[in-house]
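Novice: Handing you a structure now.
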Amino acid sequence: MNSPWIAPSILAADFSRLGEEIQSVVSAGADLIHYDVMDNHYVPNLSVGPLVLQSLRKANLNCLFDVHLMVKPADRLVEDFLDAKPEFISVHPETTEHLHRTLALIKTGGSKAGIVFNPSTPLTVLDEVLELVDLVLIMSVNPGFGGQQFIETSLSKLREAREIIDRSGKSIRLQIDGGININNIAQASSAGADTFVAGTAIFGSNNYAKTITDMKKAITEEQ
Ligand code: DX5
Ligand code: ZN
């Protein structure tokens, strides 16, 4: 099993000081920076694009970026994001006509490829593209907004995804995103998640280091 990673979502950060906020969570123990991209088309909200990621890259923040694309169509923006060399780029199957091609585009462009499942999306396509996947993201809220309530049925979906990943023998990360906090992170971990996105729970707290440490402790105590 992969070591647990905490991935603060920038959506809940103070955007007027984005670079500093990222620096702070990295010093506080964050493993990955979750960069939510929303287009007011696939999801009813608008966030940041590739230009902002390019600037953050130039600021030498010394962190890994995990780009969660909630944009339709995905392919053209995938190419723009690849220029900023994020560690991961993840796409929703609904946002591309040819998922296999999109995942291959991400990988040949030098990033790791992720596939994202909404609460209403079955895992059925996963087997078909497993050879191209480095990360499986299970949404525990409907995408579009931070600060929503964790949807409990995502725990059984995590278990199902964990079985598929283990059967594959590949070291694929299993990520959970939406409504994660100190009270439910252990449950998500025991259901098989190893990568935990948290926006409000981290950036809304008054001590990032304590929150991230407590989250890691909750995961370890559960194991
Ligand atoms: C929702 C985003 C999430 C969101 C998580 O569409 O994908 O990453 O920012 O925020 P919290 O942790 O506040 O639910
Ligand atoms: Zn996200």
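The values are calculated or read from the model by the stated rules, or taken from the named source; none is laboratory data. Predicted model only: the values in this text are computed from it and were never measured. Don't worry about glycine lacking a Cβ; one is built from the backbone with ideal geometry, like all the others, and counts go over all protein chains shown. The protein model used for the area step is the full one, side chains on, heavy atoms only, and it has no ligands, DNA or RNA in it. Shrake-Rupley method; radii C 1.70, N 1.55, O 1.52, S 1.80 Å.
Novice: For LYS58 and GLN148 in one chain, what is 0.36 nm times their gap in residues minus the Cα-Cα distance, to one decimal in nm?
Specialist: Gain in length upon complete extension: 29.2 nm.
Novice: Now for a separate question. What are the ³J(HN,Hα) couplings of the stretch 59-73, residue after residue, when phi is run through the Karplus curve with 6.51, -1.76, 1.60 and θ = phi - 60°? Round to Hz, x for glycine and proline.
Specialist: So the Karplus estimates, Gly and Pro as x, are 6, 6, 7, 6, 9, 9, 9, 10, 8, 9, 8, 10, 9, 9, x Hz.
Novice: Calculate log10 I(q)/I(0) of the chain for q = 0.09, 0.10, 0.13 Å⁻¹, where I(q) comes from the Debye formula with a single equal point scatterer on each Cα and nothing for solvent.
Specialist: Ignoring solvent entirely, the Cα scatterers give -0.31, -0.39, -0.68.
Novice: Based on DSSP, what percent of beta bridges with both residues in the stretch 1-118 are antiparallel, to the nearest 5?
Specialist: 5
Novice: Roughly how much of LYS112 is accessible, in Å² to the nearest 10, using a 1.4 Å probe?
Specialist: 80
Novice: Can I ask one more? Quick one: accessible surface of HIS68, probe radius 1.4 Å, all protein chains present, in square angstrom to the nearest 10.
Specialist: Rounded to the nearest 10, the figure is 0 Å².
Novice: To the nearest 10 Å², what's GLU163's accessible area with a 1.4 Å probe?
Specialist: Accessible area, nearest 10 Å²: 110 Å².
Novice: Taking the alpha-carbon centroid of each part, what is the distance from the stretch 114-190 to the stretch 20-58 in angstrom?
Specialist: Cα centroid of the stretch 114-190 versus Cα centroid of the stretch 20-58: 20 Å apart.
Novice: Okay, moving on. Show SER205, SER24, SER16 ordered by accessible area, largest first, where the area counts protein heavy atoms only and the probe is 1.4 Å.
Specialist: Descending accessible area places them as SER16, SER24, SER205.
Novice: Just reorder GLU79, GLU221 by solvent-accessible area, largest first, 1.4 Å probe, all chains present.
Specialist: Descending order: GLU221, GLU79.
Novice: Whole number in Å², please: accessible area per residue of the stretch 5-222, 1.4 Å probe, ligands, DNA and RNA not counted.
Specialist: Value returned for the stretch 5-222: 43 Å² of accessible area per residue.
Novice: Okay, next question. What distance in nm separates the two pseudo spin-label positions at THR124 and SER3, each 7 Å out from Cα along the beta-carbon direction?
Specialist: 4.0
Novice: If r is the Cβ-Cβ distance from GLU97 to ASN207 and R0 is 45 Å, what FRET efficiency results, to the nearest 0.05?
Specialist: 0.50
Novice: Return the percentage of antiparallel bridges among DSSP beta bridges fully within the chain, rounded to the nearest 5 %.
Specialist: 5
Novice: Given the options ASP75, ASP14, ASP134, which has the most mean-square fluctuation in a GNM of the chain, springs set between C-alpha atoms less than 10 angstrom apart?
Specialist: In this elastic network of the chain, the residue with the biggest mean-square fluctuation among ASP75, ASP14, ASP134 is ASP14.
Novice: Applying the Karplus parametrisation 6.51 cos²θ - 1.76 cosθ + 1.60 with θ = phi - 60° to the phi angles of the stretch 136-142, what ³J(HN,Hα) value in whole Hz is obtained for each residue in order, glycine and proline being reported as x?
Specialist: Coupling constants for the stretch 136-142: 10, 10, 9, 7, 9, 9, 6 Hz.
Novice: Sequence gap at least 6, Cα distance under 8 Å: using those rules, report the relative contact order of the stretch 5-222 to the nearest whole percent.
Specialist: Once divided by the residue count of the stretch 5-222, the mean separation gives 20 percent.
Novice: Describe numerically, in nm with one decimal, the distance between label points set 7 Å from Cα along Cα→Cβ at PHE15 and at LYS85.
Specialist: 2.7
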